[in-house]
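Engineer: The structure is given below, and queries will be raised subsequently.
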Amino acid sequence: MPRKPEELQQVLHYQFKNPALLRIALTHTSYANESKVPATHNERLEFLGDSVLSVVAADYLFHQSDRPEGELTRMRASLVSEDALFQFASEIELGEYLRLGHGEELGGGRTRPSVVSDAFEAVIAALYLDGGLEAARRFILPFLSEGKTAEEDYKTRLQEVVQQDPGAKLTYVVEDETGPDHAKQFTVGVFCNGRRLAGGVGRSKKAAEQHAAQQALRSLPQ
């Protein structure tokens, strides 16, 4: 049995004014086709969510990086790829909330990258329709800041700055961990030779490390 959409709202840190939108976002075509009562599947929401995600990712990269257009395009493609979206969706265990048909359920649809990543885009669209672009942006940005592009922008960039001193060594330490298992929040400190440079928070240790590196970069001369 899938988890209840009400539980997912807690994970999303968003209360839907129209809960039907979230229910549709979590409904796979296989469920709609097998349902004895009319049910709307998430393919139209997936289409809209893809566009909203692309806009938010482009805006994020434009303001976070001064790289040329070609590199920004490749970075955005990495952030919105199926692999990246499946990783993001896995962090909130989105597959556990999906409404799937019997065959799709037996075939492992809850862990199928194409199914789960499409649902992630549908959830973005549901947030956009219910709460506007800012609601969608608040949900998306923490995931973008922990992706491969962000790692290159923040952790790798911080490493490059610190390595100007051959004896410098960076370490990341989990300083706090709060919240239930389905909605953890981590606080991580980044240290250089034992001296704390900055702290960051995130829904995963990796995300918190990225945020800490970003904060450290802002405070260091480059």
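Engineer: Can we say Leu85 is within 29 Å of Glu34 (Cβ to Cβ), open to solvent by less than 40 Å² (accessible area, probe 1.4 Å), part of a helix (DSSP H, G or I) and out of contact with any Ser or Thr (no Cβ under 7 Å at 6 or more places or on another chain)?
Structural biologist: So Leu85 does not fit the description; no.
Engineer: Just the residues that are surrounded by fewer than 14 Cβ atoms within 10 Å (Cβ to Cβ) and under 22 Å from the mean Cα position of the chain (by Cα), please, taken from the stretch 174-199.
Structural biologist: Matches in the stretch 174-199: Val174, Asp176, Glu177, Thr178, Gly179, Pro180, Asp181, His182.
Engineer: Tell me, which residue of the stretch 26-67 that is among the small types (Gly, Ala, Ser) and over 18 Å from Val80 (Cα atoms) is modelled with the lowest pLDDT?
Structural biologist: Here is the first cut: in the stretch 26-67, the residues among the small types (Gly, Ala, Ser) are 30, 32, 35, 39, 49, 51, 54, 57-58, 65.
Right, trim to over 18 Å from Val80 (Cα atoms) and you get 30, 32, 35, 39.
Numbers: Ser30: 94, Ala32: 93, Ser35: 86, Ala39: 89.
Once the filter is applied, the top-ranked residue is Ser35.
Engineer: Continuing with this model, one more query. Tell me which residues, restricted to the stretch 96-115, are in a helix (DSSP H, G or I) and either open to solvent by 10 Å² or more (accessible area, probe 1.4 Å) or touching a strand residue (DSSP E or B) at 6+ places or on another chain (Cβ under 9 Å) (or both).
Structural biologist: Glu96, His102, Gly103, Glu104, Glu105, Leu106, Arg110, Thr111, Pro113, Ser114, Val115
The values are calculated or read from the model by the stated rules, or taken from the named source; none is laboratory data. This one's a predicted model, so the numbers in the text were calculated from it and none came from an experiment. Glycine gets a Cβ as well: all are built from the backbone with ideal geometry, and neighbour counts include every protein chain shown. Accessible surface is based on the protein model in full, side chains and every heavy atom, while ligands, DNA and RNA are left aside. Shrake-Rupley method; radii C 1.70, N 1.55, O 1.52, S 1.80 Å.
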